[in-house]
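Colleague: Below are the C-alpha cells for one structure; questions will follow.
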Amino acid sequence: MGKIKIMDDVLANKIAAGEVVEKCVSVVKELVENSVDAKADEIKIEVVQAGTKLIKVTDNGSGMDHDDAVVAFERHATSKLLDEMGLFRISSLGFRGEALPSISAVSQIVLKTSTGDVGTRLEINGGKIIKDEPSDARLGTEITVKNLFYNTPARLKYLSSVYTELANICEYVNKMALSYPDKKFTLISDDKVLLNTDGSGNLLKVIKEIYGLDVAKKMIKISVFNDDYDIDGYISYPEVTRSSRSHMITLVNNRVVRNTELNRAINDAYHTYKPETRYPIVVLKISTDPSLVDVNVHPSKLDIKFSNFEDLKELIKSGIKSVLDKTLLIPKVQTKNLDDVTPKVELEQLNLQRQNVINNNIIDYSIFDEPVLQVNEDITKYNQKDDENYDNDKVEITKEEKKVIMPEMYPVGLAKGTYIICHNELGLYMIDQHAAKERINYEGYLKAFANPKPDSIKMLFPITLEFPSNEFIIIKQNINILKDMHFDIEQSGINSFVIKEHPTWIKQGYEDESIKKLLEVLISEEKNFTIQKFREKAAIMLSCKMAIKANMNISMAEMEALIDDLRRCDNPYTCPHGRPTTIFYSNYELEKMFKRAM
Ligand code: ZN
Ligand code: ZN
C-alpha cells in the first residue's frame with residue numbers, strides 16, 4: 001500500500017540530469033519540501049555548522065510506513081510524479097524522490113518515521129541501509145543528515161564558507177515561511193533560534209519574524225485581481241528599502257519564483273517614491289489557474305512563464321501605485337525609549353533580525369491582533385476611509401482612485417536656509433525646500449510635456465549650438481520630438497542648430513541652460529529611446545536645475561506658496577529622485593522627547 005511508486009526511466013533520467021546535491025541548502029530544501037508534501041504544519045529545521053555537521057528536520061506530517069521508508073532511499077522512486085505532465089504543473093511542489101538517494105549516498109542518515117501505529121527507524125551510511133528497526137509511533141518524520149560529504153572529501157571543499165551556507169539556508173527557510181504562513185517553521189542554527197513562526201496563517205506575523213517589528217509596522221496590505229490573477233500581500237512604505245532586490249518576493253500558487261520582469265514591475269510602481277538604487281520589501285502572493293503558468297523543468301524550478309503576462313505586470317504596477325496613492329507617506333520620526341534598547345544581534349547579511357526572537361518578551365504582539373495596522377496612528381484619520389475600502393475586500397483598480405492628500409500645515413520659519421518648519425494640530429513638520437520644489441517642478445514638466453501648449457516664446461537672441469557629428473545625428477533624428485514640444489529648431493550649418501523659439505515652460509533667464517540640458521538628455525537616451533523615457537529624464541533633470549537651492553532664504557509668502565503647490569502634487573512625499581520632501585514629528589513624539597509624556 002506504499003504511496004511511493006517506482007517511476008519510469010524516461011522521467012528518472014530527465015530529473016537525474018540536474019539533480020545533484022551541491023550545497024547544504026539543497027539538502028534542507030529536499031527535506032523541508034518532503035515535510036510540506038507530507039502535509040506537516042509544524043516543521044523544525046536544526047543545523048550544526050551551517051548543515052555541514054548536521055541537518056535535522058522534524059515534522060508532524062503523515063509519515064511513511066516501513067516499505068515506503070525503505071523505498072525512499074532507492075533510486076527512481078517518487079510519490080509525487082506519476083507521469084510527465086506533473087512536471088509542468090506548479091501546484092505540485094516539485095520532483096523529488098531522486099534527491100533522497102543522492103543525499104544518502106554522501107552522508108550518514110538516521111530516519112525515524114511513523115504513520116501513527118508502528119514506527120520505523122533506519123540508519124543509512126553512504127547509501128546503504130545498515131540498521132532497520134521498529135521505533136516509537138510518533139506521527140511524522142524526523143530525519144537527521146550527518147557529516148555531509150564525509151565519504152567524498154573532494155566535494156566538501158566546493159562548499160562555500162559556513163557563513164554563506166547558513167545565509168542560503170536562512171533565505172530558503174524564510175521564503176518557505178512566507179509561502180506557508182499557516183505552517184509553523186522553526187530554524188535553529190547551533191542552538192540559536194533564527195526563525196520561529198507561529199503557523200497562524202497571518203502573513204504579516206511572518207514578515208515580522210523575518211524583518212522585525214519596525215518593518216512589519218511599515219508594511220501596507222495589498223489585494224487586487226483581474227480575470228486571471230489574484231494578488232494578495234504586503235508592500236513596504238517607500239521609506240523602508242534595502243540595497244538588494246532579493247526582498248521583493250513573489251509567490252505563484254504558494255511557490256517562490258524569481259522573475260526579473262515581475263521585480264521590475266514592482267520596482268517601477270515605486271518610481272520616484274524611493275531612490276533608484278534602493279529596493280522595497282514586498283511579498284506578493286499570486287494565485288492563478290496552474291494552466292496559465294509554465295514552470296521550467298529544472299531542479300531549482302525558479303523560472304516561470306505566464307499567460308497574459310503584460311496584464312499581470314500592469315496589475316502589479318497599478319495595484320501597488322494605487323495603494324501608495326492611498327497612503328499618507330510622510331516619514332514619521334520615532335524615538336526609541338532608551339530604557340527599552342536591548343542588545344541587538346545584527347545579521348544584516350543574513351537578512352535576519354534576530355532580536356525579536358531573542359527578546360520575545362519586549363515585543364508587543366497585540367498590534368498583530370488587529371486586522372488593520374495602526375500605522376502613523378496620529379494621522380490615520382486622513383486615510384481611514386480609504387483603508388476601509390481596501391481592507392474590506394479586494395479592490396479592482398480603476399483610474400479615478402481617490403487620493404489621500406497631505407494635511408494642511410503652516411510655516412513658522414526656515415531653518416538653515418533649507419528646511420521649512422511647519423506645524424498643525426498633529427505635530428511638527430520639516431520640509432526640504434529643494435526637494436519639495438523639485439517635486440512640484442517635476443510634475444509640472446511632465447504635464448507640460450504631455451500636453452504642449454501651442455504658444456511658444458520668441459527669443460530675442462536665437463541660440464546657435466554646435467555638436468560633434470555623432471551627437472548632431474542623434475538630435476537630427478529626433479528633431480520632431482523637440483518641434484512637438486514647440487521649439488523652433490533648425491539645422492544651421494554642418495553640425496549646428498539654431499533655436500529661435502522655445503516653449504513657455506522654460507524659465508526666463510535659464511533658456512540657454514535648459515535647452516542645453518534637454519539636448520544632453522536627448523543624446524544620452526540614444527539606446528532604447530522612447531518618448532516616455534526622454535520626457536521622464538528631462539523632467540527629472542530640469543526639475544532639479546530649476547528648483548530653489550538649499551541655503552537660499554525664501555520669504556514666508558514663498559514658503560506658503562511652496563507648501564500649497566506641494567500639497568497639490570500627485571505624490572507630495574518624495575522628490576523625483578526618491579528622497580523625502582517632508583518629515584513628521586507627532587505631538588506624541590515631541591512630548592515624549594521633552595519628557596512631557598512618558
Ligand atoms: Zn536636486
Ligand atoms: Zn531630488
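Colleague: Using the structure shown, decide if residue 197 is surrounded by fewer than 23 Cβ atoms within 10 Å (Cβ to Cβ), of a type in the set (Val, Ile, Thr) and more than 23 Å from residue 323 (Cβ to Cβ).
Modeller: Numbers: surrounded by fewer than 23 Cβ atoms within 10 Å (Cβ to Cβ): no; of a type in the set (Val, Ile, Thr): yes; more than 23 Å from residue 323 (Cβ to Cβ): yes.
So residue 197 does not fit the description; no.
Colleague: I've got another one for you. Can you tell me which residue is farthest from residue 434 (Cα to Cα) among those in segment 524-550 that are part of a loop (DSSP other than H, G, I, E, B) and within 13 Å of ligand 1 (Cβ to nearest atom)? Explain how you work it out, then say what you get.
Modeller: Pass one, segment 524-550, residues part of a loop (DSSP other than H, G, I, E, B): 525-530, 546-550.
Next cut, within 13 Å of ligand 1 (Cβ to nearest atom) only: 546-550.
Working: 546: 10, 547: 6, 548: 5, 549: 5, 550: 6 Å.
Selected residue: 546.
Colleague: For segment 570-592, which positions are away from ligand 1 (no atom under 15 Å from the Cβ), buried (at least 17 other Cβ atoms within 10 Å of the Cβ) and under 24 Å from residue 275 (Cβ atoms)?
Modeller: 571, 572, 573, 582, 584, 585, listed by residue number.
Colleague: Please state which of the following conditions residue 260 fails to meet, knowing it meets all the rest: (1) more than 21 Å from residue 322 (Cβ to Cβ); (2) touching a residue at least 12 places away in the same chain (Cβ under 8 Å).
Modeller: For residue 260, the failing item is (2).
Colleague: In addition: When you scan segment 438-445, do you find a residue that is of a type outside the set (D, E, K, R), within 16 Å of ligand 2 (Cβ to nearest atom) and touching a strand residue (DSSP E or B) at 6+ places or on another chain (Cβ under 6 Å), even just one?
Modeller: no
Colleague: Looking at (1) more than 16 Å from ligand 2 (Cβ to nearest atom); (2) at pLDDT 90 or above, can you tell me which one residue 523 breaks?
Modeller: It fails just one condition, (2).
Colleague: For segment 214-280, please list each of the strands (runs of 3 or more DSSP E) lying entirely inside it that holds at least 3 residues being open to solvent by less than 20 Å² (accessible area, probe 1.4 Å) and over 30 Å from residue 335 (Cα atoms). Spell out how you get there, then give the answer.
Modeller: Numbers: elements: 219-225, 230-236, 248-252, 255-257.
The strands (runs of 3 or more DSSP E) meeting that bar are 248-252.
Colleague: Would you say residue 80 is at pLDDT 90 or above, among the basic types (Lys, Arg) and either part of a loop (DSSP other than H, G, I, E, B) or surrounded by 17 or more Cβ atoms within 10 Å (Cβ to Cβ) (or both)?
Modeller: Working: at pLDDT 90 or above: no; among the basic types (Lys, Arg): yes; either part of a loop (DSSP other than H, G, I, E, B) or surrounded by 17 or more Cβ atoms within 10 Å (Cβ to Cβ) (or both): yes.
Considered against the rule, which asks whether it is at pLDDT 90 or above, among the basic types (Lys, Arg) and either part of a loop (DSSP other than H, G, I, E, B) or surrounded by 17 or more Cβ atoms within 10 Å (Cβ to Cβ) (or both), residue 80 comes out as no.
Colleague: With respect to residue 595, is the statement that it is open to solvent by 70 Å² or more (accessible area, probe 1.4 Å) and within 15 Å of ligand 2 (Cβ to nearest atom) true?
Modeller: Details: open to solvent by 70 Å² or more (accessible area, probe 1.4 Å): yes; within 15 Å of ligand 2 (Cβ to nearest atom): no.
Taking the combined requirement at face value, the residue does not satisfy it.
Colleague: Follow-up question, since we're still on this one. Quick check on my filter: what residues within segment 401-419 are under 33 Å from the mean Cα position of the chain (by Cα) and more than 16 Å from ligand 1 (Cβ to nearest atom)?
Modeller: 401, 402, 403, 404, 405, 406, 407, 408, 409
Colleague: List, please: which pairs have Cβ atoms under 6 Å, are six or more places apart or on different chains, and start with a residue in segment 202-217 that is in the same structural domain as residue 239 (by TED's automatic domain parsing) and end with one that is assigned to a helix (DSSP H, G or I) and among the β-branched types (Val, Ile, Thr)?
Modeller: Cβ pairs passing all conditions: 216/207.
Colleague: Looking at the structure I just gave you, is residue 311 free of Cβ contacts under 8 Å to residues at least 60 places away in the same chain and over 30 Å from residue 30 (Cα atoms)? Give the derivation first.
Modeller: Details: free of Cβ contacts under 8 Å to residues at least 60 places away in the same chain: no; over 30 Å from residue 30 (Cα atoms): yes.
Judged against the criteria, residue 311 is not a match.
So that you can scan it fast, the table gives a plain yes or no per residue for (1) buried (at least 20 other Cβ atoms within 10 Å of the Cβ); (2) of a type outside the set (Lys, Arg); (3) assigned to a strand (DSSP E or B):
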position: 122; (1), (2), (3): yes, yes, yes
position: 137; (1), (2), (3): no, yes, no
position: 144; (1), (2), (3): no, yes, yes
position: 158; (1), (2), (3): no, yes, no
position: 178; (1), (2), (3): yes, yes, no
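Colleague: Please work out which residue is farthest from ligand 2 (Cβ to nearest atom), limiting yourself to segment 570-592 and to residues that are within 12 Å of residue 428 (Cβ to Cβ) and among the polar types (S, T, N, Q). Even if it seems obvious, please write down each step before you answer.
Modeller: So the first thing to find is which residues in segment 570-592 are within 12 Å of residue 428 (Cβ to Cβ), and the list is 582-591.
Okay, now just the ones that are also among the polar types (S, T, N, Q), so 582, 586-587.
Numbers: 582: 13, 586: 25, 587: 29 Å.
Once the filter is applied, the top-ranked residue is 587.
Colleague: Just one of 521, 498 is away from ligand 1 (no atom under 16 Å from the Cβ) and among the β-branched types (Val, Ile, Thr); which is it? First the steps, then the outcome.
Modeller: Numbers: 521 fails: away from ligand 1 (no atom under 16 Å from the Cβ).
After applying the criteria, what remains is 498.
Colleague: Can you name the residue in segment 429-448 that is touching a residue at least 12 places away in the same chain (Cβ under 8 Å) and over 18 Å from residue 330 (Cα atoms) and is also farthest from ligand 1 (Cβ to nearest atom) among such residues?
Modeller: First pass over segment 429-448, keeping only residues touching a residue at least 12 places away in the same chain (Cβ under 8 Å): 429-446, 448.
From the residues that got through so far, the ones that are over 18 Å from residue 330 (Cα atoms) too are 441-446, 448.
Values: 441: 10, 442: 10, 443: 15, 444: 15, 445: 14, 446: 16, 448: 19 Å.
Here the answer is 448.
Colleague: Can you pull out the residues in segment 19-60 that are of a type in the set (Ser, Thr, Tyr) and open to solvent by 10 Å² or more (accessible area, probe 1.4 Å)? Reasoning before the result, please.
Modeller: If we filter segment 19-60 for residues that are of a type in the set (Ser, Thr, Tyr), which is where we start, we get 26, 35, 52, 58.
If the condition is that a residue be of a type in the set (Ser, Thr, Tyr) and open to solvent by 10 Å² or more (accessible area, probe 1.4 Å), then 26, 52, 58 are the ones that fit.
Colleague: For the subset of segment 547-569 comprising residues that are within 16 Å of ligand 2 (Cβ to nearest atom) and surrounded by fewer than 16 Cβ atoms within 10 Å (Cβ to Cβ), which member is farthest from residue 276 (Cα to Cα)? Break it down stepwise before answering.
Modeller: Of the residues in segment 547-569, the ones within 16 Å of ligand 2 (Cβ to nearest atom) are 547-552, 562, 565-566, 569.
Retained after the next criterion (residues that are surrounded by fewer than 16 Cβ atoms within 10 Å (Cβ to Cβ)): 549-552.
Values: 549: 22, 550: 22, 551: 26, 552: 27 Å.
Looking at the filtered set, the residue picked out is 552.
Colleague: So is residue 515 out of contact with any Pro (no Cβ under 8 Å at 6 or more places or on another chain), at pLDDT 90 or above and either loosely packed, with under 14 Cβ neighbours inside 10 Å or assigned to a helix (DSSP H, G or I) (or both) or not?
Modeller: yes
The values are calculated or read from the model by the stated rules, or taken from the named source; none is laboratory data. Keep in mind that this is a model prediction, so the values were computed, not measured. Positions of Cβ are generated from backbone atoms using ideal geometry, with glycine treated the same way; all protein chains shown enter the neighbour counts. Only protein heavy atoms, including side chains, enter the accessible area calculation; ligands, DNA and RNA are left aside. Shrake-Rupley method; radii C 1.70, N 1.55, O 1.52, S 1.80 Å.
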